[in-house]
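Single-structure report; data block below.
The values are calculated or read from the model by the stated rules, or taken from the named source; none is laboratory data. These figures come from a predicted structure and were not determined experimentally. Because the Cβ atoms are built from the backbone with ideal geometry, glycine has one as well, and the counts that use them run over all protein chains shown. Ligands, DNA and RNA are excluded from the accessible area calculation, which covers all protein heavy atoms including side chains. Shrake-Rupley method; radii C 1.70, N 1.55, O 1.52, S 1.80 Å.
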Amino acid sequence: MAYATMIGAKVRRKEDPRLITGSGTYVGDLKLPGMQHVAFVRSPYPHATIGHIDISAALARPGVTAVVPGRDLLDAYEPLPIGSGGEGGTSGSVSRPHSHYAISIDRVRHTGEIVAAVIATSPEVAVDAVADVIVDWQPLPAIVDMEQAASPDAPRLFDSLPSNVDHVWECNVGDVAGAFASADRIVKQRMANQRLAGVSMEGRAVVALPDYTTDGLTVWTSTQAPHLSRGSLAKTLRMHENQIRVIAPEVGGGFGIKIGVYPEDVALAALARIHRIPLRWVETRVEHMLATTHGRAQIAEYEAAVKADGTITALRVRITADIGAYPVAPDIPDLTGKMLVGVYHIPAADVQISCVFTNTTPVAAYRGAGRPEAAYYIERLVDVIAADLGLDPADVRRRNFIPPAAFPYRTVVDTLYDSGEYDRALSKALMISDYAGLRAEQVRRRAAHAAGEPVSLLGIGMATYVEMCGFGPYESASVRVEPTGTVTVMTGISPHGQGTGTTFAQIVADQLGADFEQIIVKHGDTATTPMGQGTMGSRSLAVGGAALVRAVAKVREKASRVAAHLLEAAPDDIVLEAGRYQVRGVPDRHLSLIEIADRAYSDDLPDDIDPGLEAVDFFKPPELIYPFGAHVAVVEIEPDTGQVRVHSYFTVDDCGPRISPVIVAGQVHGGLAQGIAQALFEEVVYDSNGQLLSGSLMDYTIPRADDLPNFTLDKTETPTPHNPLGVKGIGEAATIGSTPAITNAVVDALAHLGVRHLDIPLRSERIWRALQNRKESQ
Amino acid sequence: MIPASFAYHAPQSVAEAVSLLEQHGDEAKILAGGHSLLPALKLRLSQPGVLIDISRIGELQGIHVGSSIEIGAGATYAAVAGHAGVRSGCAVLAECVEQIGDIQVRNRGTVGGALAHADPAADLPAVLLALGGSVSAQGPGGSRTIAADDLFVEMLTTALEPNEVVTKVTVPALGKGEGAAYSKLKHPASRYAIVGVAAYVKLAADGSVAAARIAVTGAGPKAERQSAAEAALVGSAGDDAAVAAAAAAAGDDMEYLGDIHASEDYRRAMVKVYTRRAVAAALSRARA
């Protein structure tokens, strides 16, 4: 194996053999001696007072160990931490007034909220006993509509708050009034980002085991952030962090919904301590739709002041963001504000984002978390501007791009972009998609359609996105060269399907001269990994990888010292080349890492070199980083049904240098599937009474392979100055670019019929109606 | 997602299954492929005390192709879709079942189970109606045949008695001058029919339409024949104008259901679109 080529090589994922042969161990696979099972009594009402809870019948059922209403646990824990489900890495705070206990005690604020737990000797008995619990519910008026939630006469969720508004994010910079007064045109558009569900393949799951060596707990949980989870549990259970070991074993997807600690984590931890038995709970898909946090859920009103040539001189924006019943991650809509201007130089903006409570499942992080919303709005708006002015959408984009010479560039909403070359990405995307050819084909199809021929309408959509990632506050890695020269890496990030272990092994192979096949990357266990944050916000490589590079550098330096001793050279003269530690300029005097490791753990070291060959290090990102790219979507619409088929899809993503191209491609493929699905399929729907209408996969549409075309992927590479690898992030990028690209394509297909905007998801009926309206108005 | 507890029986014969039904009455449910029943049990929408698993009854298996095609009620979708005689004698049936669910569903789901369950969005009821097929059922008093037109009573309800077991599904083997097709707008999430239209036509020697049967599923509470659309077709030359007339006449006298994916209005319009497609395809096959 040629070591020097591992970075950038198309290697197969180290994770796949175990995952695709079913050998991975997930939380639900754990079987501990004496383990019992928990099921939860959940609210059927979106808003209600909890009256008397009659547990007698449940308790009498054979096999039931305990039935626990919330009041029984008041002494066991604090209310749930607030804000633990965000992107930025925090275990949450308990200081805000509108928290609730893991098992609610007096009031529920969304359907699916937990009011009692059942512990039983089998999951079957636990579920049966849940049905035996009788709760005296007193329903309260519920508020579901986010725009009505802010009105003074709306039913209020928290008596201690003056309204349902959690907070308003505001920014008013530049001469907005002047820009609007002098605009050639004011372009207005209302747009919505519908509520989405995470639908990770593996739902949530928890096993909690009392640990008598620490008077604490071991908690296996399907999480993206074991250390944050440990912090939240410690805080909530009034324990010390060293009493709790959190393990995220194999985790089957997260997409942001598994960042924070959930009521079920806290409830199982508390109950396991009290009852001194291991407990397990595995989420059902119905519970997932009801009680796992949702994403997006915003409505926006945009106004742009525009010059006749398409130059945008100011934005006036009012967004309502639905954060659901509790502030699990209330600051995510703020990220929409921070990414508001996208890739464009817009000198003035007046923005208000009102984050409101409603009687719905809390809204928290979901792939992109605040940034896809911003990209969707601005990329739709640019297309509306182009349509209103009769300009090509590519030209309007180029008219407004932040030019490469302007970086680092501080936007009007005070976001500092590190690097970018937006026109290069767009031009490449237009080239690889044969944009001119597509436009010519579109003209042909429109003429044929007008002549009554049975052709599908062709739509071409583009999006040029930028996103924010690489959140801190830090990440960690430890690297240990074992005595035989194999390498064990412990990372603070917590991959849950991404394959980051493969990427990390590629880095270690090159930068330490280790055999890629002999590198094991471990993660997801607070007892063995250095203090970390987890995997979220496209940060794993940019922050975790940077920490790894630092730890590897320390080990390499130590290895060089050992090599220098053995080769009788000065440490500064040892260089790592082609996987060998050799004396500079003397290629035949060299040692392998295996030879160095063997000596590093022997008693044959000079006094000035300590034994061992391992190091831990941390990386604190100095600034956030901003990947970008350009996508072109081509769709076909069947005029008589409104059905959309994605004909082809082209991406040019710039995540900086690519360590593991196969994994980047995988992230882009999955991201596209989810972003396209937001544009076309997915939506969590509540009725006006707060009942979930999309409560199963029979109604909630996740994308499937036959919904998607083969993707054409390309790239540009613009390194960031903010980490040693120059890497940005790719986990969320494709999701962010694809929702507006597809929507723009669908609207473009219908533009000649007078359609200016359609809200997502673009169900066939919505498109059919637009076509019908056009027919009727003719 | 755990069903409530139930007693389980796996009879070896239809007679034994009928006797178990007699014995347990309303408590009992027949389990065939289970792909509708098991999800309902897991969601606890259905909590029968007794399940009678008929999947091991040999006499319910098998497919026989003669002047008509007789399919054991326990035949799976996969068995029907892969059967050469069905493919050549009644291609529409094979095409209908081979797009149901996914491979796992098709390996378990049965034609008899789907028809007895009468899900309003299932595909097979429309095809059975259009083909003028029938089901055979065995009860304590013996066997009887129920024509497709008499089978579907209302949502999830058929003319079967509670103590009857479907034993056989019979459809015609189509000959020269006959053609049938099924055309479907898939529900994006469930892949059931938002609207599914099955059409059958028989041409006279002069090429005019001698007979037509058109049935719609998915749009309303049960699968239904479209007599006005059929009337528009019969006696016509089967040309574009006749197809358009049939499509225009389809779906007017039906009850509709709407959901978050498709309103009643949309389904009404789609019945016409898919009637046009199914009839055009059926005519083209009849002429081949």
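Pairs of Cα atoms nearer than 8 Å and 6+ residues apart set the relative contact order; for chain A it is 16 percent. Listed here are the pairs B:K29/B:K222; A:K10/A:K522; B:K168/B:K222; A:K307/A:K715; which of them are more than 23 Å apart at the Cα? Beyond 23 Å: A:K307/A:K715.
Extension gain, B:T157 to B:S5: 0.36 nm times the residue separation minus the Cα-Cα distance gives 52.3 nm.
The string of couplings for the stretch A:231-241 from the Karplus curve (6.51, -1.76, 1.60, θ = phi - 60°) is x, 5, 5, 4, 4, 6, 8, 6, 10, 8, 4 Hz, one whole number per residue in order, with x for Gly and Pro.
Please identify every one of the chymotrypsin sites (Phe, Trp or Tyr not before Pro) in the stretch A:644-711 that sits in a loop by DSSP and has no more than 11 other beta carbons within 10 Å of its own beta carbon. When the chymotrypsin sites (Phe, Trp or Tyr not before Pro) of the stretch A:644-711 are filtered for loop state and at most 11 Cβ neighbours within 10 Å, nothing remains.
Residues whose amide H comes within less than 5 Å of that of B:I63, counting only those at least five positions distant or on another chain, are B:G72 (H built at 1.01 Å from N in the peptide plane). Whole-Hz Karplus values for the stretch B:42-55 come out as 5, 7, 6, 6, 10, 9, x, x, 9, 10, 10, 8, 9, 6 Hz, taken residue by residue from phi with 6.51 cos²θ - 1.76 cosθ + 1.60 and θ = phi - 60°; glycine and proline positions read x. Taking Cβ atoms as reference points and 15 Å as the exclusive limit, the residues near A:I114 contribute a net charge of -2, counting Lys and Arg as +1 and Asp and Glu as -1.
Centre-to-centre, using Cα atoms only, the stretch A:1-62 and the stretch B:191-224 are separated by 47 Å.
Using the Cβ-Cβ distance between A:Y601 and A:K554 with R0 set to 22 Å, the FRET efficiency from 1/(1 + (r/R0)^6) comes to roughly 0.85. The stretch between A:R766 and A:E623 holds 47.3 nm of extra length on full extension. This uses 0.36 nm per residue minus the Cα-Cα distance. Rounded to the nearest Hz, the phi-derived 3J(HN,Hα) couplings of the stretch A:59-75 under the Karplus curve 6.51 cos²θ - 1.76 cosθ + 1.60 (θ = phi - 60°) are 5, 7, 5, x, x, 8, 8, 7, 10, 10, x, x, 4, 5, 10, 4, 7, where x marks glycine and proline. Between the alpha-carbon centres of the stretch A:511-531 and the stretch A:167-217 there is a gap of 33 Å.
Taken about its Cα centre, the protein assembly as shown carries a charge dipole of roughly 1240 debye when the Cβ of each Lys and Arg holds +1 and the Cβ of each Asp and Glu holds -1. Peptide B:269-280 has a mean shielding of 2, counted as Cβ atoms of other protein chains within 10 Å of each residue's Cβ. Solvent-accessible surface of protein heavy atoms, probed at 1.4 angstrom with all chains present, puts A:Y212, A:Y409 in the order A:Y212, A:Y409, largest first. Evaluate E = 1/(1 + (r/R0)^6) for A:R756 and B:S227, where r is the Cβ-Cβ distance and R0 equals 30 Å; express this FRET efficiency to the nearest 0.05. Efficiency for this residue pair is about 0.10.
For the pair the stretch A:702-778 and the stretch A:311-328, the centres of their Cα atoms are 20 angstrom apart. Calculated FRET efficiency, B:I103 to A:H275, Cβ-Cβ distance, R0 = 41 Å: about 0.40 to the nearest 0.05. A Cβ-based charge dipole, computed about the Cα centre of chain B with Lys and Arg at +1 and Asp and Glu at -1, lands at about 820 debye. When peptides A:227-233, A:189-195 are sorted by average Cβ neighbour count within 10 Å, with the highest value leading, the order is A:227-233, A:189-195.
Judged by the mean number of other Cβ atoms found within 10 Å, the most tightly packed of the peptides A:368-374, A:347-353 leads the ranking A:368-374, A:347-353.
If the segment from A:L59 to A:K522 were pulled out straight at 0.36 nm per residue, it would be longer than the present Cα-Cα gap by 162.4 nm.
Applying the criteria of a DSSP loop state and at most 14 other Cβ atoms within 10 Å to the trypsin sites (Lys or Arg not before Pro) of the stretch A:318-384 yields no site.
For the stretch B:7-53, averaging the sequence separation of C-alpha pairs within contact (under 8 Å, six or more residues apart) and dividing by the residue count gives a relative contact order of 58 percent. The residues packed around A:Q582, meaning those with a beta-carbon under 14 Å from its beta-carbon, carry a net charge of -2 if Lys and Arg are +1 and Asp and Glu are -1. Close amide H contacts of A:D211 (hydrogens built in the peptide plane, cut-off under 5 Å, sequence separation of 5 or more or a different chain): A:G216, A:L217, A:T218.
Annotation for the stretch A:573-638: GluC sites (Glu not before Pro) lying in DSSP loop with at most 15 further Cβ atoms inside 10 Å of their Cβ are A:E623. Residue ranges A:216-225, B:37-46 sort as A:216-225, B:37-46 when ordered by packing (mean number of other C-beta atoms within 10 Å per residue, highest first). Partner shielding of B:185-194 amounts to 5, given as the average count of beta-carbon atoms from other chains within 10 Å of each residue beta-carbon. With each label modelled as a point 7 angstrom along the Cα→C-beta vector, the A:K307-A:K10 pair spans 4.5 nm.
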